[in-house]
Structures are given as C-alpha cells and as structure tokens.
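Chemist: Below is the structure I would like to discuss, written out as structure tokens.
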Amino acid sequence: MMARIEAPTPAAIDRAVDLLRAGELVAFPTETVYGLGADAANPDAVRRIFLAKGRPADHPVIVHLHNVGDIALWTRSMPEAAKKLAAAFWPGPLTLILPRASRVADIVTGGQDSVGLRVPSHPVARALLAAFGGGIAAPSANRFGRISPTTARHVADDLGDAVASILDGGACAVGIESTIVAFAGEVPILLRPGGIGGPALSRALGQPLREADGSAPRASGTLASHYAPRTPASLVAADVLRAELLQLGDRDEIVAVLARTVARPAGFAGVWLPAPFDAPSYAHDLYANLRTLDAANADVILVETVPDGDEWLAVRDRLLRATRGVDDDRD
Ligand code: TXA
Ligand code: MG
C-alpha cells in the first residue's frame with residue numbers, strides 16, 4: 001500500500017493523530033527536513049520507525065514536543081545553559097541532548113542515559129503536536145544511509161509503503177537537519193552543526209561551544225558517510241572542477257555537477273545544477289539537488305566546494321559526508 005500524500009487540513013491532522021495513537025507511523029514536515037513520526041510513549045510504535053528505515057535499534061531518535069514546558073516530562077534536569085538555548089531558539093531547528101527522565105523508553109534513547117528533545121517551528125509540525133498532545137519520536141524520514149527528505153515526494157519515494165500518511169507541508173525552509181547540542185554537566189558541546197549557526201549559539205550562551213570529541217555522547221548521524229548519494233561523489237575546488245571539465249572530452253564518463261561559482265562550459269553533455277550562492281539558499285536546495293544529481297545515473301558526481309567560515313559550517317559538514325564512503329552507519 002502506498003502512503004497517501006495529504007494536504008495538512010484539520011481533517012488530515014486529526015487522521016494523523018488517530019494513526020499515531022494506534023501505533024502507526026506518520027511522516028510530517030518540519031522546518032529542517034521531514035520526520036518519520038511515532039508516538040514517543042509507545043515503544044512498539046517507535047520500533048516500527050527502525051524497521052521502516054532499516055536503522056539499527058541502538059541509534060537514538062529525537063522526541064519532538066509542542067512546548068518548552070513539556071520537556072519536564074522527558075528530562076530529569078535542565079542545565080542553565082540548556083535553558084538559555086531553549087529560550088533563544090525554540091521553537092526552531094535546535095535539538096538538545098539532556099539527561100533522560102526514567103519514563104523515556106530505551107528504544108527512544110538507544111539505551112543511553114540521555115534523550116534528544118526538539119520543539120520544531122513548522123506550522124504543520126506544531127499543529128500535529130498540539131492535536132496529538134504527547135511527544136512524537138521522529139528521525140529524518142529517509143531510509144538508513146540515504147539523503148534526508150525535504151519534500152513530501154522525497155518521503156514517498158523512500159518510504160512510501162512503510163508509512164500510513166505523509167502530511168505535505170511543501171519544501172522545508174531550512175533544508176538541513178537541526179543543530180544538536182549535548183551537555184556534559186553545564187558545558188555545551190556541538191554534536192551536529194545545523195539549522196542554527198555556532199555564532200548565534202555562542203551569543204545566546206555567552207560562552208563558546210565545545211566541538212564534539214571522542215568523549216561526547218554518541219550521535220550516530222554524525223558518522224562520516226551519512227547523507228550519501230548512491231553515485232560516487234567528490235568535492236572539488238573551483239579550479240580543479242574547471243580543469244576536470246576541460247578533460248572530459250578525453251573520457252567516456254557521464255558527469256553530474258553541482259556548481260556554485262563555476263559556469264557551465266559550452267558543449268558540456270552531463271547534468272549541470274547551479275547551486276544558490278548564499279548559504280541559507282544553498283542549504284535549502286542541497287538535498288533536493290543531491291537527489292536530482294543521483295537520479296541522473298551519472299558515473300560520478302562533482303560538487304564544487306563552498307566557502308570557509310561559520311555560516312557554511314553545516315553545509316560543509318553535509319557535503320563532506322555526502323562525498324565520503326557509502327556503506328557504514330547512517331541515520
Ligand atoms: O532536524 C532534525 O533534527 C530532524 C527533524 C525530523 O527533526 N531529525 C533528525 O533525526 O535529523 P535523525 O534521527 O535523522 O538524526 C538525529 C541524530 C542522530 O544522529 C541520533 O543519533 C542523534 O541525533 N541523537 C538522538 N538522540 C540522541 C542522544 N540521546 N544522544 C546522542 N545523540 C542522539
Ligand atoms: Mg537522519
């Protein structure tokens with residue numbers, strides 16, 4: 001049975017709530033990427049997420065909540081620094097890893113002593129959470145190891161027969177996943193760069209964030225080969241890209257290119273996507289662009305590197321993951 005892509009009318013939201021209460025999976029839009037949702041208080045329902053995605057059961061999932069006030073049910077303590085971040089950025093593209101409350105199921109936390117919590121800002125996610133009333137456990141709604149979905153159609157293409165309903169909220173505004181911040185006591189650690197940039201986090205905290213190292217809590221989604229297309233992809237600087245394009249005539253390869261500053265050469269016979277110039281627009285289009293390039297069945301994907309600097313950090317992170325190995329651990 002293929003899932004229905006549904007306009008997020010009040011009736012469709014009500015049906016989605018009934019499905020969640022019955023232990024079924026519902027895909028829904030957030031401002032970052034689409035989520036594959038289940039009732040976070042129902043371990044059997046959360047288990048279905050792992051089956052649908054083909055994701056190992058020891059990878060924790062984020063619990064989505066309607067209000068900051070709801071977090072008391074899910075965490076046993078909230079460091080002051082976490083309160084500052086919640087006040088500054090929720091609702092929004094930020095996930096906080098906090099000590100879990102005892103009622104939180106092991107299948108949600110991957111057996112860890114912490115739980116990931118997020119209050120999303122997308123109006124459809126908020127309407128669903130308000131109507132449901134509880135926490136919704138949701139990873140990105142892609143199969144394990146695949147590119148995260150930023151449209152309802154992406155979800156249907158990946159998971160169509162595994163999800164009862166897909167609420168269509170259009171293309172996600174941010175386009176890449178939430179920023180994840182964990183706490184070792186009061187010290188905030190950046191586990192995954194994302195929708196909210198490091199400088200904004202540091203300003204809200206009044207102190208710089210620590211980068212994740214080996215001692216940080218595990219976030220399997222941060223392993224190197226996450227978010228990868230099937231086609232071999234490499235990240236190349238603009239001048240290297242220009243040089244490679246000049247040599248294509250001698251090679252018998254179909255090339256798909258995600259360019260940003262490099263112009264399409266005359267006579268180029270492969271697939272050419274010009275990416276947006278600024279970081280937010282680039283991030284907004286990134287996963288859809290990678291899917292388009294992957295669908296071209298090219299021999300190789302070449303991605304032009306993006307600038308250094310904080311505002312490109314999350315995009316650089318995703319590009320590095322998309323252009324490395326393909327067959328280990330991906331959420
Ligand atoms: O933007 C997002 O965060 C999207 C939308 C749907 O909210 N969700 C998302 O979920 O990206 P997922 O499961 O694809 O990635 C969440 C990452 C995973 O790498 C997971 O391992 C990590 O967060 N994570 C979740 N709970 C954790 C915990 N308690 N400790 C450490 N890492 C955790
Ligand atoms: Mg994911």
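Chemist: Regarding region 73-91, can at least one residue be identified that is among the β-branched types (V, I, T) and crowded, with 21+ Cβ neighbours inside 10 Å?
Modeler: Going through region 73-91, the residues among the β-branched types (V, I, T) turn out to be 75.
If we keep only those that are crowded, with 21+ Cβ neighbours inside 10 Å too, we end up with none.
No, region 73-91 has no match at all.
Chemist: Also, I was wondering about something else. For the subset of region 1-17 comprising residues that are within 15 Å of L129 (Cβ to Cβ) and out of contact with any strand residue (DSSP E or B) (no Cβ under 9 Å at 6 or more places or on another chain), which member is surrounded by the fewest Cβ atoms within 10 Å (Cβ to Cβ)?
Modeler: Step by step, filter region 1-17, then rank; the result is P10.
Chemist: Suppose the filter is within 13 Å of ligand 1 (Cβ to nearest atom) and under 17 Å from the mean Cα position of the chain (by Cα); does V119 pass it? Reasoning before the result, please.
Modeler: On the way: within 13 Å of ligand 1 (Cβ to nearest atom): yes; under 17 Å from the mean Cα position of the chain (by Cα): yes.
Yes.
Quick grid of which residues meet (1) over 28 Å from G170 (Cβ atoms); (2) free of Cβ contacts under 8 Å to residues at least 24 places away in the same chain; (3) within 16 Å of ligand 2 (Cβ to nearest atom):
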position	(1), (2), (3)
E24	no, no, no
D44	yes, yes, no
I49	no, no, yes
P60	yes, no, yes
G69	yes, yes, no
G92	no, no, no
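Chemist: Of the conditions (1) more than 24 Å from R15 (Cβ to Cβ); (2) without any contact (Cβ under 8 Å) to a residue 40 or more places away in the chain; (3) within 19 Å of the chain's Cα centre (by Cα), D113 clears all except one; give me its number.
Modeler: The failed condition is (3).
Chemist: Determine which member of the set A162, A173, A152, A184 is crowded, with 16+ Cβ neighbours inside 10 Å, modelled with pLDDT under 95 and not acidic (D, E).
Modeler: Within the list A162, A173, A152, A184, the selection yields A162.
Chemist: For the structure I just gave you, tell me whether A200 is away from ligand 1 (no atom under 12 Å from the Cβ), in a helix (DSSP H, G or I) and buried (at least 18 other Cβ atoms within 10 Å of the Cβ).
Modeler: Numbers: away from ligand 1 (no atom under 12 Å from the Cβ): yes; in a helix (DSSP H, G or I): yes; buried (at least 18 other Cβ atoms within 10 Å of the Cβ): no.
In short, no.
Chemist: Okay, next question. Residues of region 238-258 being under 30 Å from G194 (Cα atoms), crowded, with 19+ Cβ neighbours inside 10 Å and of a type outside the set (V, I, T), which ones?
Modeler: Here is the first cut: in region 238-258, the ones under 30 Å from G194 (Cα atoms) are 238-242, 255-258.
Remaining after also requiring crowded, with 19+ Cβ neighbours inside 10 Å: 241, 255-258.
Correct list: L241, A256, L258.
Chemist: Here's another thing I want to ask about it. Is it the case that V63 is over 12 Å from S165 (Cα atoms) and either more than 15 Å from ligand 1 (Cβ to nearest atom) or open to solvent by less than 10 Å² (accessible area, probe 1.4 Å) (or both)? Spell out the reasoning first.
Modeler: Details: over 12 Å from S165 (Cα atoms): yes; either more than 15 Å from ligand 1 (Cβ to nearest atom) or open to solvent by less than 10 Å² (accessible area, probe 1.4 Å) (or both): yes.
Taking the combined requirement at face value, the residue satisfies it.
Chemist: Of everything in region 1-34, what is assigned to a strand (DSSP E or B) and touching a Phe, Trp or Tyr at 6+ places or on another chain (Cβ under 6 Å)? Give them in sequence order. Don't jump to the end; show me each part of the working.
Modeler: First, pick out the residues of region 1-34 that are assigned to a strand (DSSP E or B): 4-6, 26-28.
Listed by number, the list holds a single entry, A27.
Chemist: Answer yes or no as to whether D44 is in a helix (DSSP H, G or I), within 17 Å of P139 (Cα to Cα) and not polar (S, T, N, Q). Outline the logic, then answer.
Modeler: Values: in a helix (DSSP H, G or I): yes; within 17 Å of P139 (Cα to Cα): yes; not polar (S, T, N, Q): yes.
Yes: the conditions hold for D44.
Chemist: If I ask for residues that are within 28 Å of G198 (Cβ to Cβ) and open to solvent by 30 Å² or more (accessible area, probe 1.4 Å), which ones from region 274-297 would you list?
Modeler: Matches in region 274-297: P274, F277, D278, P280, S281, H284, D285, A288, R291.
Chemist: Also: Does V26 qualify as being of a type outside the set (D, E, K, R) and over 15 Å from V163 (Cα atoms)? Give the steps one after another, and end with the answer.
Modeler: Working: of a type outside the set (D, E, K, R): yes; over 15 Å from V163 (Cα atoms): no.
So V26 fails the test.
Chemist: To continue, here is another question. In region 119-149, which residue that is farther than 12 Å from F28 by Cα and away from ligand 2 (no atom under 15 Å from the Cβ) is surrounded by the most Cβ atoms within 10 Å (Cβ to Cβ)?
Modeler: G135
The values are calculated or read from the model by the stated rules, or taken from the named source; none is laboratory data. Keep in mind that what you see is a predicted model, and the values were worked out from it rather than measured. Positions of Cβ are backbone-derived with ideal geometry, glycine not excepted, and every protein chain shown enters the neighbour counts. Areas reflect the complete protein model, heavy atoms only, side chains present, ligands, DNA and RNA absent. Shrake-Rupley method; radii C 1.70, N 1.55, O 1.52, S 1.80 Å.
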